[in-house]
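One structure below.
Values in this text are rule-based calculations from the coordinates and carry no lab data. Because the structure is predicted, anything quoted here is derived from the model rather than measured. Please note: Cβ atoms are built from the backbone with ideal geometry, for glycine as well, and neighbour counts cover all protein chains shown.
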Amino acid sequence: MNISKLMSGYFLNENYITPIVKPETPIVAKKSSWNSQEKTMARVFEFKKRKYSEKFLLELLMYNRETDADLEFRFKSKKVTVVIKSRSPYLSEIEVEAAEDIDKIRKDVMYHFADRESNE
């Protein structure tokens, strides 16, 4: 099997690769609400009621037992600030997954209260 025949659809000619994405198609990265720097990610979660922020904080404390990420929490009234710090010189997959999990925890907490308030 000749590799150039197999790859002929990918090459304009023998020396140049054709672009996979058309130039008129914009590539837009998913916007994250996490503020990330070299070794840390941070986000402030604001809630309408204090009991929502308290429940969120309790869920974060339970999640902290399971994760390998280094988490820091700050709680003030209806706001919870979460800081994820990397032990390595850069953010790794562990920190990114922790941020995604924390976003899911917030959704779960809000769903929990939305379900209870609709039944009252």
Next item on the list: Report yes if some residue within segment 72-79 is closer than 21 Å to Q37 by Cβ and not basic (K, R); otherwise report no.
Entry: yes
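State all residues of segment 91-101 that are in contact with a strand residue (DSSP E or B) (Cβ under 6 Å, 6 or more places away or on another chain) and either assigned to a strand (DSSP E or B) or not small (G, A, S) (or both); if no residue qualifies, say none.
Of all residues in segment 91-101, those in contact with a strand residue (DSSP E or B) (Cβ under 6 Å, 6 or more places away or on another chain) come to 95, 98-99.
Correct list: E95 only.
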